[in-house]
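Chemist: Once you've had a glance at the structure underneath, I'll fire off some questions.
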Amino acid sequence: MIHECDAAIIGAGIAGLTAALAASETCNVAVISKVYASRSHSGAAQGGIAAALGNEEEDHWEWHMFDTVKGSDYLADQDIAEILAREAPPRVIELEHLGVPFSRDSEGKIEQRLFGGHTRNFGEAPVRRACYASDRTGRVIMDTLYDHCLVRGVKIFNEVFVTSLLTSEGLCCGVSGYELATGEPMIFHAKAVLLATGGCGRIFKTTSMSFAATGDGFALAFDAGVPLEDMEFVQFHPTGIYGLGILVSEAARAEGGVLRNGKGERFMERYAPLLKDLAPRDIISRAILTEIAEGRGIGGSDYVYLDLTHLSKEQLQLKLSEVTSFVRTYLGIDASESPIPVAPTCHYMMGGIPTDAQARVLGDGKSAVLPGLYAAGECACVSVHGANRLGTNSLVDLVVFGRRAGLDIADYVSKNPSVPLPADVELKISSRVDALLAADGKEHVATIREEMEKVMTRLCSVFRDKNGLEQALNKVHELQGKMANLGLSHREKRFNYELEESVELNNMLKLSEVIVHSALQREESRGAHYRNDFPERNDEAWLKHTLVFHVATGLETLYKPVVVTRFEPKPRVY
Amino acid sequence: MYVKLKIFRFDPLIDKEPHYDTFVVEADSTDRLLDCLNKVRWEQDGSLAYRMSCAHGICGSDGMTINGVSALACQKLVRDYEADKEILFEPLSVFPVVKDLVVDMDDFFAKERSVHPSDGIVLTEAEEDKEHLQTIEQRSRFDDDIKCIMCACCVSACPVSQKEDPEYVGPAAILRAHRYIFDSRMKDQFERLQIMDKPHGAWSCKTYYRCTLVCPKAIQVTKHILEVRRKILDELRPKNSGSTQHV
């Protein structure tokens with residue numbers, strides 16, 4: 001079936017819905033989601049959304065900008081970090097005006113709390129900048145945007161899996177995919193397409209991300225010839241529930257929780273004397289794994305404790321109710337009485353599809369806009385998080401750049417004619433589905449996926465080196481080879497999740513290759529990318545963004561300079 | 001240990017009637033039931049259909065009926081069930097089965113939509129660059145509501161939705177209305193209350209409390225439904241007004 005619309009938005013998380021609301025004022029929008037819209041992973045965001053409102057104490061957008069740049073290990077483009085910090089307060093107020101139920105302070109204003117890496121006066125001490133709603137901030141923002149989309153009649157297509165970007169005459173003209181319920185082709189003929197598909201944490205064995213986070217948007221752009229930027233920078237959140245990877249929000253430490261090793265020591269004092277347990281995530285994840293490697297995990301094992309036992313029951317109930325219920329459900333632990341076993345978990349991709357400040361995709365990664373194609377949120381790299389994202393900067397990224405995308409799309413759509421779809425789009429997608437279904441090789445999706453998760457976790461997560469990355473690259477190539485010999489266990493088109501998972505796995509293997517390749521090239525340590533064999537940051541050689549292109553011979557790497565405006569790179573200590 | 005799963009199977013386009021398949025998987029006592037289902041799909045029967053996404057009780061995808069009780073498969077652990085007894089997986093009730101454990105949720109989401117008035121979600125005026133002021137107490141009036149993840153377990157468990165009044169808007173939709181009715185920042189909520197006052201609205205609840213019992217987020221759903229009714233009486237039928245409907 002062919003659906004006509006002005007703009008097709010892929011992904012119904014906070015970036016997609018924000019863009020939909022902004023664009024739907026003047027144009028006909030279709031939001032397309034491979035899950036039911038309200039299942040999108042923005043809903044799992046817990047801790048807060050950063051904005052220098054100054055409700056609780058003095059704060060300024062310049063301080064927020066500085067923290068973002070320093071947190072990024074100076075890889076963020078500073079013109080973009082400035083946009084983020086300046087626009088955060090009006091966007092948060094807009095969310096409140098839409099009805100987002102933020103938690104309140106004693107004056108009735110939006111309450112703000114501490115969060116990792118956010119400081120007053122350019123690094124002096126932690127500052128209360130995170131606006132929040134208990135520990136379900138993402139859920140309430142997404143639900144509010146969703147309700148507004150419903151009442152405004154934004155068309156939402158649930159459970160449609162987009163597998164190709166369509167281009168014609170050098171312009172983006174829509175997407176194609178299939179409906180999960182029927183396996184039948186779905187074509188969206190649009191003047192503009194926004195990729196807002198989130199991350200790809202499922203590449204790794206332990207992740208806080210949902211099963212849907214398989215990097216489809218990155219792969220759609222990459223397949224269309226767009227490079228991927230800074231993919232070596234993968235964030236591992238320090239406090240995933242041990243064994244499961246379920247997120248225990250940084251808010252737990254913002255409210256006073258501390259990390260302790262097997263000797264009961266508050267070890268972050270040694271790694272970040274000023275901010276301690278509120279240091280940025282890359283630093284804490286490395287600290288935890290260093291403690292474990294040196295035999296100071298709990299009982300010599302491979303986890304540490306997050307201790308909330310000194311917080312009051314009321315504080316846990318009011319400010320951390322989701323987190324305490326996760327711990328109760330999955331570990332049988334009362335967080336007010338026992339410490340929580342935690343270890344780093346894959347949480348966020350700093351890299352992604354290169355865009356400009358209007359969320360327009362840069363086809364060459366540098367300056368050439370690919371007309372009609374946009375990306376926002378985790379799948380985009382604008383680049384505002386550089387080599388390491390600060391907690392609460394993701395939600396603000398979604399609303400700042402989601403809105404910019406929506407407004408620019410509305411403008412673009414009003415000024416440009418529709419271009420015809422390429423020939424035979426429906427036939428192409430249905431024969432692709434048929435070909436995938438017909439696969440009768442010996443390899444299984446689940447087995448290859450498990451091997452990918454294992455190798456990426458072992459050799460390409462928090463600590464990396466040349467030898468390991470080369471092994472990982474070989475293994476990924478081997479797994480890609482196995483994909484050619486894939487077999488599905490049944491051929492039914494309707495709700496064939498094995499079919500969907502085979503496309504997702506193909507995407508994830510492509511992205512694994514790009515991540516490992518980018519990490520192998522970057523011979524320095526910066527933010528979340530740490531090389532044991534190159535442990536120092538090297539600004540002279542590496543203060544630049546990686547761009548990886550897919551070319552006939554394999555992967556090709558180019559670099560582009562980082563935009564530095566206000567803050568010259570300095571050693572990053574906390 | 002080994003876990004035996006007895007799973008409802010049905011493809012309405014192919015099968016005349018549903019049947020059950022039994023699978024045995026190896027699992028730890030702390031594994032989620034969703035992990036067990038995944039083992040079945042990934043290792044034994046790729047055709048098994050069920051929804052899932054976040055796997056930790058936040059997205060609301062994997063609502064189903066487990067041993068007769070509506071629940072999220074990702075929130076239940078193997079150790080929550082009697083060892084050596086098979087665990088029965090069936091789709092949510094109330095909703096039409098599309099395939100195996102996948103049900104058609106369109107009616108559920110349409111009912112969620114139906115609680116919004118014609119003018120949408122309208123708040124009182126606020127200064128352009130300032131938030132509405134709301135006290136901690138005012139905010140706490142609807143704190144329970146915003147935990148809802150729209151998993152539909154409450155509707156599936158409700159005897160009214162199941163049998164007595166299939167057109168009943170259902171506990172989740174009333175909870176969504178409650179979230180706005182009790183938010184001090186909203187403009188008047190007369191129309192929303194009128195929607196709740198209609199046939200198949202808040203008065204259809206028979207206070208079975210099943211919604212409250214099964215809610216994966218431990219929301220006091222029935223209590224909030226009763227609060228909506230109280231509000232209808234207070235706002236739409238004030239004492240001595242003589243009017244029965246409109247204010």
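The values are calculated or read from the model by the stated rules, or taken from the named source; none is laboratory data. Source: prediction; values computed, not measured. Reconstructed Cβ throughout: ideal geometry from the backbone, glycine too, with neighbour counts over all protein chains shown. Heads up: the accessible areas ignore ligands, DNA and RNA and are worked out on the full protein's heavy atoms, side chains in. Shrake-Rupley method; radii C 1.70, N 1.55, O 1.52, S 1.80 Å.
Chemist: If we keep just the residues of the range A:427-440 that are touching a residue at least 60 places away in the same chain (Cβ under 8 Å), assigned to a helix (DSSP H, G or I) and open to solvent by less than 70 Å² (accessible area, probe 1.4 Å), which is nearest to A:A519 (Cα to Cα)? Let's see the steps before the verdict.
Modeler: The first filter runs over the range A:427-440 and keeps only residues touching a residue at least 60 places away in the same chain (Cβ under 8 Å), leaving A:428-430, A:432-433, A:436-437, A:439.
Pick out the ones that are also assigned to a helix (DSSP H, G or I) and you get A:428-430, A:432-433, A:436-437.
Those left that are additionally open to solvent by less than 70 Å² (accessible area, probe 1.4 Å): A:429-430, A:433, A:436-437.
Details: A:I429: 34, A:S430: 37, A:V433: 33, A:L436: 31, A:L437: 34 Å.
The extreme case among them is A:L436.
Chemist: Restricting to the range A:431-453, name every residue that is over 30 Å from the mean Cα position of the chain (by Cα) and among the hydroxyl-bearing types (S, T, Y).
Modeler: A:S431
Chemist: Between residues in the range B:1-14 that are touching a residue at least 40 places away in the same chain (Cβ under 8 Å) and in a strand (DSSP E or B) and residues that are open to solvent by less than 100 Å² (accessible area, probe 1.4 Å) and of a type in the set (S, T, Y), which pairs lie under 8 Å by C-beta distance while being six or more apart or on different chains?
Modeler: Partner pairs satisfying both residue conditions: B:K4/B:T22; B:L5/B:T22; B:K6/B:Y20; B:K6/B:T22; B:I7/B:Y20; B:I7/B:T22; B:F8/B:Y20; B:R9/B:Y20.
Chemist: Name the one entry in A:E498, A:E453, A:E443 that is surrounded by 20 or more Cβ atoms within 10 Å (Cβ to Cβ), touching a helix residue (DSSP H, G or I) at 6+ places or on another chain (Cβ under 9 Å) and not aromatic (F, W, Y). Break it down into steps so the answer makes sense when it comes.
Modeler: Working: A:E453 fails: surrounded by 20 or more Cβ atoms within 10 Å (Cβ to Cβ); A:E443 fails: surrounded by 20 or more Cβ atoms within 10 Å (Cβ to Cβ).
When all the criteria are applied, what remains is A:E498.
Chemist: B:R179 passes all but one of (1) surrounded by fewer than 22 Cβ atoms within 10 Å (Cβ to Cβ); (2) within 14 Å of chain A (Cβ to nearest Cβ); (3) assigned to a helix (DSSP H, G or I); (4) not small (G, A, S); which number fails?
Modeler: (1)
Chemist: Now for a different question. Return yes or no: is A:T206 open to solvent by 10 Å² or more (accessible area, probe 1.4 Å) and polar (S, T, N, Q)?
Modeler: Spelling it out, A:T206 is indeed open to solvent by 10 Å² or more (accessible area, probe 1.4 Å) and polar (S, T, N, Q).
Chemist: Of all residues in the range A:132-152, which are open to solvent by 10 Å² or more (accessible area, probe 1.4 Å) and modelled with pLDDT under 95?
Modeler: Across the range A:132-152, the qualifying residues are A:L150, A:V151, A:R152.
Chemist: Count, please, the residues in the range A:75-88 that happen to be open to solvent by less than 30 Å² (accessible area, probe 1.4 Å) and without any contact (Cβ under 8 Å) to a residue 60 or more places away in the chain. Spell out how you get there, then give the answer.
Modeler: Filtering the range A:75-88 for residues open to solvent by less than 30 Å² (accessible area, probe 1.4 Å) gives A:75-78, A:80-81, A:84-85, A:88.
Filter once more, so that each one left must be without any contact (Cβ under 8 Å) to a residue 60 or more places away in the chain: A:85.
The total comes to 1.
Chemist: Just a yes or no: is a residue in the range A:475-498 without any contact (Cβ under 8 Å) to a residue 24 or more places away in the chain, away from every other protein chain (no Cβ under 14 Å), of a type in the set (A, V, I, L, M) and in a helix (DSSP H, G or I)?
Modeler: No, that holds for no residue.
Chemist: Could you give me the residue pairs with C-beta distances under 6 Å whose first residue belongs to the range A:52-70 and is at negative phi and at pLDDT 95 or above, whose second residue is open to solvent by 30 Å² or more (accessible area, probe 1.4 Å) and assigned to a helix (DSSP H, G or I) wherever it lies, and which are 6+ apart or on separate chains?
Modeler: A:A52/A:W61; A:W61/A:R86; A:M65/A:E82
Chemist: Pull up the range A:12-23, narrow it to residues that are buried (at least 24 other Cβ atoms within 10 Å of the Cβ) and over 18 Å from the mean Cα position of the chain (by Cα), then point me to the one that is nearest to the other protein chains (Cβ to nearest Cβ).
Modeler: Going through the range A:12-23, the residues buried (at least 24 other Cβ atoms within 10 Å of the Cβ) turn out to be A:12-20, A:23.
With over 18 Å from the mean Cα position of the chain (by Cα) added as a condition, the list becomes A:20, A:23.
On the way: A:A20: 15, A:A23: 17 Å.
Filtering first and then ranking leaves A:A20.
Chemist: Another question, then. Give the range B:150-164 a look and list any residue that's in contact (Cβ under 8 Å) with a residue 12 or more places away in the chain and either out of contact with any helix residue (DSSP H, G or I) (no Cβ under 9 Å at 6 or more places or on another chain) or facing chain A (nearest Cβ under 7 Å) (or both), or say none.
Modeler: First pass over the range B:150-164, keeping only residues in contact (Cβ under 8 Å) with a residue 12 or more places away in the chain: B:150-162, B:164.
Listed by number, the list holds a single entry, B:M150.
Chemist: Sticking with this structure for a sec: Identify all residues within the range A:524-564 that are in a loop (DSSP other than H, G, I, E, B) and surrounded by 13 or more Cβ atoms within 10 Å (Cβ to Cβ); write none if there are none.
Modeler: Step one: list which residues in the range A:524-564 are in a loop (DSSP other than H, G, I, E, B), which gives A:524-525, A:527-528, A:532-533, A:535-538, A:543, A:552-553, A:562-564.
Within the range A:524-564, A:E524, A:S525, A:G527, A:A528, A:R537, A:N538, A:L543, A:V562, A:V563, A:V564 qualify.
Chemist: Still on this structure, I have one more. Restrict the check to the range B:56-74 and report whether at least one residue is open to solvent by 10 Å² or more (accessible area, probe 1.4 Å), facing chain A (nearest Cβ under 9 Å) and closer than 24 Å to B:D11 by Cβ.
Modeler: yes
Chemist: Here is a further query. Just to be sure before I move on: is B:V169 touching a Ser or Thr at 6+ places or on another chain (Cβ under 6 Å), among the hydrophobic types (A, V, I, L, M, F, W, C), surrounded by 15 or more Cβ atoms within 10 Å (Cβ to Cβ) and modelled with pLDDT of 95 or more in the structure I sent?
Modeler: Values: touching a Ser or Thr at 6+ places or on another chain (Cβ under 6 Å): no; among the hydrophobic types (A, V, I, L, M, F, W, C): yes; surrounded by 15 or more Cβ atoms within 10 Å (Cβ to Cβ): yes; modelled with pLDDT of 95 or more: yes.
Here the answer is no, as B:V169 does not meet what is asked.
Chemist: Pick out, from the range A:258-346, the helices (runs of 4 or more DSSP H) lying fully within it that include 3 or more residues that are under 28 Å from the mean Cα position of the chain (by Cα), touching a residue at least 40 places away in the same chain (Cβ under 8 Å) and away from chain B (no Cβ under 14 Å).
Modeler: Ranges flagged: A:281-293.
Chemist: Out of the residues in the range B:119-145 that are part of a helix (DSSP H, G or I) and more than 7 Å from every other protein chain (Cβ to nearest Cβ), which is surrounded by the most Cβ atoms within 10 Å (Cβ to Cβ)? Even if it seems obvious, please write down each step before you answer.
Modeler: If we filter the range B:119-145 for residues that are part of a helix (DSSP H, G or I), which is where we start, we get B:136-140, B:145.
Then keep just the ones that are more than 7 Å from every other protein chain (Cβ to nearest Cβ); that gives B:137-138, B:140, B:145.
Numbers: B:E137: 10, B:Q138: 16, B:S140: 14, B:D145: 23.
Among residues in the range B:119-145 that are part of a helix (DSSP H, G or I) and more than 7 Å from every other protein chain (Cβ to nearest Cβ), the one surrounded by the most Cβ atoms within 10 Å (Cβ to Cβ) is B:D145.
Chemist: Here's something else I'd like to know. Hey, can you tell me all the residues within the range A:466-482 that are open to solvent by 30 Å² or more (accessible area, probe 1.4 Å) and either of a type in the set (G, A, S) or within 30 Å of B:V102 (Cα to Cα) (or both)?
Modeler: A:G481
Chemist: Next question. Collect the residues in the range B:92-118 that are crowded, with 19+ Cβ neighbours inside 10 Å, within 12 Å of another protein chain (Cβ to nearest Cβ) and touching a residue at least 60 places away in the same chain (Cβ under 8 Å), keeping them in residue-number order.
Modeler: Hits for the range B:92-118 are B:V97, B:V98, B:K99, B:D100, B:L101, B:F108, B:K111, B:E112, B:V115, B:H116, B:P117.
Chemist: Another question, then. Residue check, A:I241 against (1) over 24 Å from A:S430 (Cβ atoms); (2) open to solvent by 10 Å² or more (accessible area, probe 1.4 Å); (3) β-branched (V, I, T), all met but one. Which one?
Modeler: Among (1) over 24 Å from A:S430 (Cβ atoms); (2) open to solvent by 10 Å² or more (accessible area, probe 1.4 Å); (3) β-branched (V, I, T), the lone unmet condition for A:I241 is (2).
Chemist: Could you identify the single residue in A:R91, A:R120, A:R129, A:R104 that is more than 14 Å from chain B (Cβ to nearest Cβ), surrounded by fewer than 24 Cβ atoms within 10 Å (Cβ to Cβ) and among the basic types (K, R)?
Modeler: Working: A:R91 fails: more than 14 Å from chain B (Cβ to nearest Cβ); A:R129 fails: surrounded by fewer than 24 Cβ atoms within 10 Å (Cβ to Cβ); A:R104 fails: more than 14 Å from chain B (Cβ to nearest Cβ).
Result of the check over A:R91, A:R120, A:R129, A:R104: A:R120.
Chemist: Kindly establish whether A:S512 is among the hydroxyl-bearing types (S, T, Y) and in contact (Cβ under 8 Å) with a residue 60 or more places away in the chain.
Modeler: On the way: among the hydroxyl-bearing types (S, T, Y): yes; in contact (Cβ under 8 Å) with a residue 60 or more places away in the chain: yes.
Yes, satisfied.
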